[in-house]
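Written out below as C-alpha coordinates is the structure these notes cover.
The values are calculated or read from the model by the stated rules, or taken from the named source; none is laboratory data. This structure is a prediction, so every number in the text was calculated from the model and none was measured. Reconstructed Cβ throughout: ideal geometry from the backbone, glycine too, with neighbour counts over all protein chains shown. Ligands, DNA and RNA are stripped out before the accessible areas are found, and what is left, the full protein with its side chains, is counted by its heavy atoms. Shrake-Rupley method; radii C 1.70, N 1.55, O 1.52, S 1.80 Å.
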Amino acid sequence: MSDELSVKRHKSDPDESIEEIMPEIRPPLTRTHKIVRDESGKHNLLLILTGSIAVMKAPELISELYEKIGRDRILIKVVTTENAMKLCHIQKLEFDEIVYEDRDEWSMWRERGDKVLHIELRKWADSALIAPLDANTMAKIANGLCDNLVTSIIRAWDLSKPCYFAPAMNTHMWENPLTMQHRTVLKSQLKFKEICPIQKELICGDVGTGAMASIGTIVSLVAALVRDQQAVRIQCG
Ligand SMILES: Cc1cc2nc3c(=O)[nH]c(=O)nc-3n(C[C@H](O)[C@H](O)[C@H](O)COP(=O)(O)O)c2cc1C
(Lines give C-alpha, C1' and ligand atoms only; values in the text may rest on other atoms or scores of the structure.)
Protein backbone atom coordinates (compact mmCIF):
# COMPACT_ATOMS: atom_id res chain seq x y z
CA MET A 1 0.00 0.00 0.00
CA SER A 2 2.76 2.44 0.92
CA ASP A 3 4.49 1.70 -2.41
CA GLU A 4 1.29 2.47 -4.24
CA LEU A 5 1.09 5.78 -2.43
CA SER A 6 4.65 6.78 -3.11
CA VAL A 7 4.11 5.97 -6.78
CA LYS A 8 1.12 8.31 -6.77
CA ARG A 9 3.17 11.13 -5.28
CA HIS A 10 6.09 10.72 -7.66
CA LYS A 11 3.78 10.93 -10.62
CA SER A 12 2.36 14.27 -9.51
CA ASP A 13 3.28 17.36 -11.47
CA PRO A 14 5.99 19.29 -9.55
CA ASP A 15 4.17 22.55 -10.35
CA GLU A 16 0.86 21.43 -8.87
CA SER A 17 -0.47 23.74 -6.17
CA ILE A 18 -1.10 22.38 -2.69
CA GLU A 19 -4.88 22.64 -3.34
CA GLU A 20 -4.49 20.43 -6.41
CA ILE A 21 -2.36 17.92 -4.54
CA MET A 22 -4.73 17.82 -1.57
CA PRO A 23 -8.25 18.49 -2.78
CA GLU A 24 -10.67 18.87 0.07
CA ILE A 25 -12.62 15.69 -0.28
CA ARG A 26 -15.11 16.20 2.45
CA PRO A 27 -16.52 19.34 3.99
CA PRO A 28 -15.56 20.08 7.59
CA LEU A 29 -17.72 18.37 10.19
CA THR A 30 -20.51 20.37 11.76
CA ARG A 31 -22.01 20.56 15.25
CA THR A 32 -24.46 17.79 14.31
CA HIS A 33 -21.60 15.27 14.12
CA LYS A 34 -21.84 12.88 17.05
CA ILE A 35 -19.09 10.74 18.55
CA VAL A 36 -20.81 7.82 20.19
CA ARG A 37 -19.03 5.20 22.25
CA ASP A 38 -19.68 1.64 21.23
CA GLU A 39 -20.84 -0.16 24.35
CA SER A 40 -20.85 -3.66 22.88
CA GLY A 41 -17.44 -4.42 24.41
CA LYS A 42 -15.29 -3.46 21.42
CA HIS A 43 -12.02 -1.69 22.19
CA ASN A 44 -12.05 1.93 20.99
CA LEU A 45 -8.60 2.78 19.66
CA LEU A 46 -7.64 6.34 18.74
CA LEU A 47 -4.95 6.19 16.09
CA ILE A 48 -3.00 9.45 15.94
CA LEU A 49 -0.89 10.29 12.89
CA THR A 50 1.80 12.97 12.80
CA GLY A 51 4.08 14.37 10.11
CA SER A 52 6.67 11.66 9.68
CA ILE A 53 7.18 9.99 6.33
CA ALA A 54 6.17 6.76 8.10
CA VAL A 55 2.58 8.02 7.96
CA MET A 56 2.47 6.37 4.55
CA LYS A 57 2.19 3.10 6.43
CA ALA A 58 -1.10 4.15 8.05
CA PRO A 59 -3.34 2.19 5.66
CA GLU A 60 -1.30 -0.97 6.23
CA LEU A 61 -1.35 -0.38 9.99
CA ILE A 62 -5.12 0.04 10.07
CA SER A 63 -5.85 -2.97 7.92
CA GLU A 64 -3.45 -5.14 9.96
CA LEU A 65 -5.03 -3.98 13.22
CA TYR A 66 -8.48 -4.94 11.94
CA GLU A 67 -7.20 -8.17 10.44
CA LYS A 68 -5.24 -9.40 13.49
CA ILE A 69 -7.61 -8.18 16.20
CA GLY A 70 -10.92 -8.49 14.37
CA ARG A 71 -13.61 -5.93 13.55
CA ASP A 72 -15.81 -7.54 16.20
CA ARG A 73 -13.23 -6.60 18.88
CA ILE A 74 -11.78 -3.24 17.87
CA LEU A 75 -13.01 0.09 16.49
CA ILE A 76 -10.50 2.63 15.20
CA LYS A 77 -10.87 6.37 14.87
CA VAL A 78 -8.10 8.30 13.14
CA VAL A 79 -6.84 11.77 14.03
CA THR A 80 -4.16 13.57 12.06
CA THR A 81 -2.03 16.69 12.11
CA GLU A 82 -2.09 19.00 9.11
CA ASN A 83 1.49 18.07 8.21
CA ALA A 84 0.70 14.36 8.27
CA MET A 85 -2.01 15.12 5.70
CA LYS A 86 0.58 16.74 3.44
CA LEU A 87 2.75 13.63 3.49
CA CYS A 88 -0.04 11.20 2.76
CA HIS A 89 -3.45 11.83 1.20
CA ILE A 90 -5.12 10.34 4.22
CA GLN A 91 -8.61 11.54 3.41
CA LYS A 92 -8.38 9.86 0.03
CA LEU A 93 -7.53 6.50 1.52
CA GLU A 94 -10.18 3.94 2.06
CA PHE A 95 -10.89 4.17 5.76
CA ASP A 96 -14.32 3.24 7.05
CA GLU A 97 -14.00 5.88 9.70
CA ILE A 98 -13.75 9.64 9.42
CA VAL A 99 -10.25 11.03 9.70
CA TYR A 100 -10.47 13.94 12.13
CA GLU A 101 -8.46 17.07 11.33
CA ASP A 102 -7.81 20.45 12.94
CA ARG A 103 -10.51 22.17 10.90
CA ASP A 104 -13.15 19.85 12.41
CA GLU A 105 -12.32 21.08 15.90
CA TRP A 106 -13.38 24.57 14.92
CA SER A 107 -16.25 23.73 12.57
CA MET A 108 -17.97 21.50 15.12
CA TRP A 109 -18.10 24.19 17.79
CA ARG A 110 -20.28 27.25 17.34
CA GLU A 111 -21.58 28.12 20.76
CA ARG A 112 -21.77 27.10 24.38
CA GLY A 113 -23.34 23.65 24.67
CA ASP A 114 -21.75 22.34 21.46
CA LYS A 115 -19.41 19.40 21.84
CA VAL A 116 -15.66 20.04 21.84
CA LEU A 117 -14.01 17.57 19.48
CA HIS A 118 -10.79 16.89 21.37
CA ILE A 119 -12.74 16.20 24.56
CA GLU A 120 -15.25 13.95 22.79
CA LEU A 121 -12.43 11.93 21.23
CA ARG A 122 -10.52 11.45 24.49
CA LYS A 123 -13.76 10.32 26.15
CA TRP A 124 -14.54 7.94 23.28
CA ALA A 125 -11.15 6.22 23.38
CA ASP A 126 -10.08 3.26 25.50
CA SER A 127 -6.49 3.75 24.35
CA ALA A 128 -4.38 5.84 22.00
CA LEU A 129 -1.66 4.85 19.57
CA ILE A 130 0.50 7.65 18.18
CA ALA A 131 2.16 6.05 15.19
CA PRO A 132 4.16 7.62 13.77
CA LEU A 133 5.14 10.18 16.40
CA ASP A 134 7.42 12.77 14.82
CA ALA A 135 10.04 14.86 16.61
CA ASN A 136 7.92 18.01 16.52
CA THR A 137 4.78 16.59 18.13
CA MET A 138 6.90 14.63 20.61
CA ALA A 139 8.54 17.92 21.67
CA LYS A 140 5.17 19.65 21.89
CA ILE A 141 3.66 16.90 24.04
CA ALA A 142 6.72 16.84 26.33
CA ASN A 143 6.39 20.59 26.85
CA GLY A 144 2.64 20.61 27.34
CA LEU A 145 1.72 22.46 24.16
CA CYS A 146 -1.78 22.01 22.80
CA ASP A 147 -2.07 24.07 19.64
CA ASN A 148 -3.83 21.58 17.38
CA LEU A 149 -6.33 18.72 17.61
CA VAL A 150 -3.71 16.02 18.25
CA THR A 151 -1.85 17.85 21.01
CA SER A 152 -5.13 19.00 22.62
CA ILE A 153 -6.31 15.38 22.84
CA ILE A 154 -3.04 14.33 24.40
CA ARG A 155 -2.96 17.28 26.81
CA ALA A 156 -6.47 16.31 27.95
CA TRP A 157 -5.68 12.58 27.94
CA ASP A 158 -6.96 10.46 30.83
CA LEU A 159 -3.61 9.20 32.11
CA SER A 160 -5.21 6.04 33.49
CA LYS A 161 -5.82 4.92 29.89
CA PRO A 162 -2.94 3.38 27.89
CA CYS A 163 -1.17 5.51 25.30
CA TYR A 164 1.45 3.97 23.02
CA PHE A 165 3.81 6.00 20.88
CA ALA A 166 6.00 4.86 18.01
CA PRO A 167 8.65 7.52 17.27
CA ALA A 168 9.80 7.93 13.67
CA MET A 169 12.42 10.42 12.69
CA ASN A 170 15.79 10.97 11.06
CA THR A 171 18.72 9.40 12.95
CA HIS A 172 20.21 12.79 13.78
CA MET A 173 16.92 13.91 15.28
CA TRP A 174 16.69 10.65 17.21
CA GLU A 175 20.22 11.04 18.58
CA ASN A 176 19.73 14.66 19.57
CA PRO A 177 19.78 14.97 23.40
CA LEU A 178 16.46 16.83 23.28
CA THR A 179 14.78 13.69 21.95
CA MET A 180 15.99 11.71 24.95
CA GLN A 181 14.67 14.44 27.23
CA HIS A 182 11.25 14.44 25.53
CA ARG A 183 10.99 10.63 25.52
CA THR A 184 11.75 10.59 29.22
CA VAL A 185 8.88 12.98 29.94
CA LEU A 186 6.47 10.87 27.89
CA LYS A 187 7.56 7.62 29.54
CA SER A 188 8.29 8.66 33.12
CA GLN A 189 5.87 11.49 33.74
CA LEU A 190 2.95 10.64 31.48
CA LYS A 191 3.47 6.85 31.68
CA PHE A 192 3.07 6.48 27.92
CA LYS A 193 4.53 3.30 26.46
CA GLU A 194 7.21 3.62 23.83
CA ILE A 195 7.43 1.34 20.82
CA CYS A 196 11.10 1.78 20.00
CA PRO A 197 12.19 2.76 16.51
CA ILE A 198 14.40 0.45 14.48
CA GLN A 199 17.62 0.78 12.56
CA LYS A 200 17.50 0.84 8.78
CA GLU A 201 18.25 3.01 5.76
CA LEU A 202 15.87 5.92 6.13
CA ILE A 203 14.06 7.49 3.23
CA CYS A 204 16.54 10.43 3.28
CA GLY A 205 19.42 7.96 2.72
CA ASP A 206 20.84 8.12 6.26
CA VAL A 207 21.40 4.80 7.96
CA GLY A 208 20.74 4.43 11.68
CA THR A 209 18.03 4.27 14.31
CA GLY A 210 14.90 6.33 13.82
CA ALA A 211 12.59 4.36 11.54
CA MET A 212 9.19 3.51 12.97
CA ALA A 213 8.91 0.02 14.48
CA SER A 214 7.50 -2.61 12.15
CA ILE A 215 3.76 -2.82 11.63
CA GLY A 216 3.93 -6.37 13.04
CA THR A 217 5.46 -5.16 16.32
CA ILE A 218 2.97 -2.33 16.73
CA VAL A 219 -0.03 -4.54 15.93
CA SER A 220 1.04 -7.29 18.33
CA LEU A 221 1.37 -4.79 21.19
CA VAL A 222 -2.09 -3.36 20.53
CA ALA A 223 -3.51 -6.87 20.13
CA ALA A 224 -2.09 -7.85 23.54
CA LEU A 225 -3.59 -4.74 25.13
CA VAL A 226 -7.03 -5.43 23.63
CA ARG A 227 -6.85 -9.08 24.68
CA ASP A 228 -5.90 -8.15 28.27
CA GLN A 229 -8.53 -5.43 28.62
CA GLN A 230 -11.28 -7.64 27.22
CA ALA A 231 -10.23 -10.53 29.47
CA VAL A 232 -10.46 -8.24 32.52
CA ARG A 233 -13.91 -7.07 31.40
CA ILE A 234 -15.13 -10.67 31.04
CA GLN A 235 -13.73 -11.62 34.47
CA CYS A 236 -15.30 -8.57 36.12
CA GLY A 237 -18.60 -9.21 34.33
C1 LIG B 1 9.06 14.65 3.24
C2 LIG B 1 9.16 14.92 4.71
C3 LIG B 1 9.38 13.88 5.57
C4 LIG B 1 9.47 14.10 6.95
N5 LIG B 1 9.68 13.04 7.77
C6 LIG B 1 9.81 13.27 9.10
C7 LIG B 1 10.03 12.15 9.99
O8 LIG B 1 10.08 10.99 9.59
N9 LIG B 1 10.13 12.44 11.31
C10 LIG B 1 10.07 13.71 11.82
O11 LIG B 1 10.20 13.87 13.03
N12 LIG B 1 9.86 14.77 10.99
C13 LIG B 1 9.71 14.57 9.67
N14 LIG B 1 9.48 15.63 8.83
C15 LIG B 1 9.34 16.97 9.41
C16 LIG B 1 7.94 17.19 10.01
O17 LIG B 1 6.95 16.94 9.05
C18 LIG B 1 7.84 18.62 10.56
O19 LIG B 1 8.66 18.72 11.72
C20 LIG B 1 6.44 19.04 10.86
O21 LIG B 1 6.46 20.34 11.43
C22 LIG B 1 5.71 18.10 11.79
O23 LIG B 1 4.42 18.60 12.08
P24 LIG B 1 3.39 17.83 13.01
O25 LIG B 1 4.16 17.34 14.18
O26 LIG B 1 2.37 18.86 13.38
O27 LIG B 1 2.78 16.72 12.21
C28 LIG B 1 9.37 15.41 7.45
C29 LIG B 1 9.13 16.46 6.57
C30 LIG B 1 9.05 16.23 5.22
C31 LIG B 1 8.82 17.40 4.30
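Here are the numbers for this structure:
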read-out: Taking only Cα atoms of the range 43-236, radius of gyration then Dmax in Å; value: 16.2, 51
read-out: Carbon + sulfur, % of accessible area of the range 43-236 - ligands and nucleic acids excluded, 1.4 Å; value: 53 percent
read-out: Sequence ranges 76-82, 120-126, 63-69, ranked by mean other-Cβ count within 10 angstrom, highest first; value: 76-82, 120-126, 63-69
read-out: Nearest-20 debye value, the chain charge dipole, Cβ charges on Lys, Arg, Asp, Glu; value: 1040 debye
read-out: FRET efficiency estimate (nearest 0.05) - Cβ-Cβ, Q199 to L145, R0 35 angstrom; value: 0.75
read-out: Note, ³J(HN,Hα) from phi for the range 197-212, Karplus 6.51, -1.76, 1.60, rounded to Hz, x at Gly and Pro; value: x, 10, 9, 6, 6, 7, 4, 7, x, 5, 10, x, 6, x, 6, 4
read-out: Helix runs (DSSP H) in the chain reaching 24 Å along axis by Cα, Kyte-Doolittle at least 0.5; value: 215-235
read-out: Computed lengthening from M180 to S40, 0.36 nm per intervening residue step minus Cα-Cα distance; value: 46.4 nm
read-out: Heavy-atom surface of the chain, accessible at 1.4 Å and reported per residue (Å²); value: 52 Å²
read-out: Out-of-range pairs (alpha-carbon distance over 32 Å; input K42/K200; K34/K200; K115/K200; K34/K193); value: K42/K200; K34/K200; K115/K200
